[in-house]
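The values are calculated or read from the model by the stated rules, or taken from the named source; none is laboratory data. The shown structure was predicted, so the numbers you read here are calculated from the model rather than taken from an experiment. Ideal geometry is used to build each Cβ from the backbone, glycine not excepted, and the neighbour counts take in all protein chains shown. For accessibility, only protein heavy atoms count, side chains too; no ligands or nucleic acids. Shrake-Rupley method; radii C 1.70, N 1.55, O 1.52, S 1.80 Å.
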Amino acid sequence: MIYLIIFLSLILVINIYFKLADHFNIIDKPNERSSHTSITLRGGGVIFYFGALAYFFISGFEYPYFFIGLTLITLISFLDDVFTLSNKIRLTVHLLSMILMFFQLGLFELNILIVILAFVLTIGITNAYNFMDGINGITGIYSLSVLLGLWLINTFHIHFIDNSFIYCAALSLLVFNFYNFRKRAKCFAGDVGAMAMVFIILFMIGKLLVLEPNIAIVLLLAVYGVDSVLTIIHRLILKENIFVAHRKHLYQILANEAKIPHLVVSTIYAVIQILINLLLLYILQSDYGILNTLLILIAILSFMSIVYVVVKKRHFHLHKIG
């Protein structure tokens, strides 16, 4: 019953936001870098924050430092969506949010090298997740696939977090997908949605890694990871500025150059991630040892990289892509 109440409340909240966004003209106008062609409401991903807020209340205010960090990164990302803030302000708040999350995870009690590595990975994953939000449905359905992987591990392998948190996050994604997983989306997640969701997912992954520091857990973000890393390498080969907006991610090329419908591309990414999640669960339960796990991980990522290169080479036409 509680989840039905949360679900209905989230529907109410997002529709209130739509009214406000329409009134204050919080919209996303297409440009030459965009994969959409019509003006759409921006910032619908703010609902992810309210999904986490629902859990915060029903759990008796669990994870307070994480939640303060989530509040800060959600707020600054929303303001950046609306006003476009300076990088210094935005990055300062992002850093503070990460510090609060790390404090909640207890990372500062570990070796300083682990903390530095965690900062580097968190910054990289956060930016990659944000950049991958470019076509209808991809953020919502891919994030659901990642949460499914976390739920599988939490339920069938090792309990690292309250499943209610996963359920609340999933409910917010379902509400968002109802308005975004469409041929013509009613809203986009915006930076606020991508940043809030990746912050939630990274916290859950961090909770898992603290209890089971297994390198194979990187497979939870394998599809986004391979696309992001290899696209950066591709752009470096082309001698491009990797910090400038572009349309060279594989999912963008499939949607824009190969003309595959957005929702089909988004679904393919999610299905592949779900299959990898099942493989990850098997790996974790089998306890192959560090060396064998590393070899399996290299084999999986190598295969995915080969597929990426082959598919991209088939559809990539430099003169058509900015």
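Distances between placed amide hydrogens fall under 5 Å for His246 paired with no residue 5 or more residues away or on another chain.
If you wrap the tightest convex hull around every Cα atom of segment 126-275 and split its volume per residue, you get 111 Å³.
Amide hydrogen proximity for Arg42: with H placed 1.01 Å from N in the peptide plane, the residues at 5 or more positions away or on another chain lying under 5 Å are Ile27, Asp28, Phe188. Only Cα pairs under 8 Å and at least 6 apart count here; give the relative contact order of the chain as a rounded whole percent. Relative CO of the chain lands at 25 percent.
For segment 185-317, with all protein chains in place and a probe radius of 1.4 Å, 73% of the accessible heavy-atom surface sits on carbon or sulfur.
Accessible area per residue (1.4 Å probe, heavy atoms of protein chains only) ranks Phe181, Phe188, Phe61 as Phe61, Phe181, Phe188, with the largest value leading.
Sorting Ile200, Ile11, Ile16 on solvent-accessible area from highest to lowest, probe radius 1.4 Å, gives Ile16, Ile11, Ile200. If you sort Ile5, Ile14 by accessible surface, 1.4 Å probe, largest first, the order is Ile5, Ile14. In whole percents, the pair-distance distribution calculated for segment 221-322 from its alpha-carbon pairs, binned every 10 Å from zero, is 13, 42, 29, 14, 2. Within segment 205-229, what residues put their amide N at less than 16 Å from the label point 7 Å along the Cα-to-Cβ vector of Leu117? Only 206-219 fall inside the zone, counting backbone N under 16 Å. Across segment 92-100, coupling constants 3J(HN,Hα) worked out from phi with the 6.51/-1.76/1.60 Karplus curve, θ = phi - 60°, read 5, 5, 4, 5, 4, 4, 5, 4, 5 Hz, and Gly and Pro carry x. Partners of Lys248 within straight-line reach, counting lysines whose Cα lies under 24 Å from its Cα and excluding those fewer than 8 residues away in the same chain: Lys29, Lys183, Lys239, Lys259, Lys312, Lys313, Lys320. With contributions of -39500 (n - 2.57) from each DSSP H run of at least four residues, the per-residue ellipticity at 222 nm computed over the chain stands at -24000 deg cm²/dmol. Average 1/r across all pairs of distinct alpha carbons in the chain, invert it, and you get the Kirkwood radius: 20.2 Å. What is the distance in Å between the Cα centroid of segment 210-283 and that of segment 54-102? Cα centroid of segment 210-283 versus Cα centroid of segment 54-102: 25 Å apart.
If you model segment 203-273 as an ellipsoid using its alpha carbon gyration tensor, with each semi-axis the square root of five times an eigenvalue, the axes come out at 27, 18, 9 Å, biggest first. The trypsin sites (Lys or Arg not before Pro) of segment 224-322 meeting both criteria, a DSSP state outside H, G, I, E and B (loop) and at most 11 other C-beta atoms within 10 angstrom of the site's C-beta, are Lys239, Lys259. Computed from the alpha carbon atoms alone, the convex hull of segment 95-211 holds 95 Å³ per residue.
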